[in-house]
Structures are given as structure tokens and as C-alpha cells.
Amino acid sequence: MDIVIFTIVNGNLKVLLIRRKGPPFQHMWAIPGGFIRIGETLEEAAERRLFEETNVKDIYLEQLVTFGTPNRDPRARIITISHYALIGSNKDIQPNANAEDVQWFSVHDLPDLAFDHKDIVECALLRLKERLKTSNIAFQLLGHKFTLTELQRVYELILEKTLDKRNFRKKILSMGILMETDETKMEGYHRPAQLYAFRERGRVQEYEV
């Protein structure tokens, strides 16, 4: 079970990596993972590993694909079920102290990774881009309340392109998935920006952006 954990920190899309204490690939960086216990479902195993690595529960977790190249692990024939998770920057993340080191890395500036974890990260990023276009999944990377500028920035960071401000706001507001709050937030020297929230924050809705 391997999990790509995404968050946004200081305007960068980042991935949580751990430095391996022992062989194989000792001292190399890797995405969090571990073996599935007897009696666990895949979902239970993924949720357990996610909590063990971050101390965070009840966040978005989605299964990706299965990686099973014969020589992906030098110890034995190991097949992994990959997942990705989204953690808002407002979450109190406490990385696992058992690892040699734990750090957030920009998804576009990763070190050499153990096993085939580079392929898994690339797969997760591709899936995230696809899901961003067809669902309200972006709320997982935002606080409960946010400005339209902050929401647009999440889209731009993940899609790796600049979006037209006027068109983005017109389209996102026409979907009816956001609601205005009674609060505003200062952004720069302009008048306060309206704060919004997703109407259905508790579940992922499908739509076309």
C-alpha cells in the first residue's frame, strides 16, 4: 500500500516524502507506504497508513492503480495498490517520527525516489488534474472559507497554467456549488474580498469545469 499525499504550502503543490531508514534503498526518499495486514480491507489499510504517517483522519483518499512490475522491489515480487490523499494546509500534520526524516517536497522538484515511486507520483498528479476538471475536489486543499482568488490559485497550481480570472469566476459561480459567507478577507490593497464556502463540502460532487 503506497500513498501519495498532496497539500499546498506557500503557493506550491507539495508531496510528503519519508527517508528510508533501512534497506532496500536505504536513506533514499520514498512516498509513505507499508504492507497490508491480514484481515484488512484495502480501504482500511490505506486509512491506517495515512493516519500513521500524518496523524490526520477523515480526509480525501482515492485509490489509483496497481503497480506490479516484477522487479519493482528487490526483496520479492511485491504488488502495490496505490492511493492519493489531499490534505488542507490548515490541517495539523504530525509526520511519523519513526522515519529517518520526513519532508514536504514540491511535486515539480522531487529528489530521486526509491522503488518506482516516481511513476506513482506522476500517476497521482495526472489523476488529480483529471478529477479537478470533473468534481469539487479542490475543497480538500482549502480551508473551510476562501476567496475566489485562493480557489483559482489551487486550480492553477495543479493544472500548471494561468486561468483567465473573469472566465473562471463566471463559470465557477454559475455552477451553484459555492455559497457566500458573511465574512470578507483583505487581499492586497484593494477592498476586502468576499469569502465563500462549498455547499457540499462533506462529499465530492461530480461536474464539468
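The values are calculated or read from the model by the stated rules, or taken from the named source; none is laboratory data. The structure presented is a predicted model; accordingly, all values stated were derived computationally and were not measured. Every residue, glycine among them, receives a Cβ derived from its backbone with ideal geometry; neighbour counts consider all protein chains shown.
Residues in the range 96-149 that are more than 24 Å from Glu52 (Cα to Cα) and among the hydroxyl-bearing types (Ser, Thr, Tyr): Thr134, Ser135, Thr147, Thr149. Can you name the condition, by its number, that Asn12 falls short on among (1) in contact with a Ser or Thr (Cβ under 6 Å, 6 or more places away or on another chain); (2) crowded, with 17+ Cβ neighbours inside 10 Å? Asn12 satisfies every listed condition except (2).
Does any residue of the range 35-42 turn out to be at pLDDT below 90, in a loop (DSSP other than H, G, I, E, B), surrounded by fewer than 19 Cβ atoms within 10 Å (Cβ to Cβ) and among the aliphatic types (A, V, I, L, M)? No: the range 35-42 contains no residue that is at pLDDT below 90, in a loop (DSSP other than H, G, I, E, B), surrounded by fewer than 19 Cβ atoms within 10 Å (Cβ to Cβ) and among the aliphatic types (A, V, I, L, M). Taken over the range 129-184, residues that are more than 21 Å from Asn12 (Cα to Cα), touching a Lys or Arg at 6+ places or on another chain (Cβ under 9 Å) and not β-branched (Val, Ile, Thr) amount to 4. Considering the conditions (1) in contact (Cβ under 8 Å) with a residue 60 or more places away in the chain; (2) surrounded by fewer than 19 Cβ atoms within 10 Å (Cβ to Cβ); (3) not acidic (Asp, Glu), Asn136 is excluded by exactly one of them, (2).
In summary, helices (runs of 4 or more DSSP H) completely within the range 103-209 and bearing 3 or more residues that are more than 19 Å from the chain's Cα centre (by Cα) occur at 165-174.
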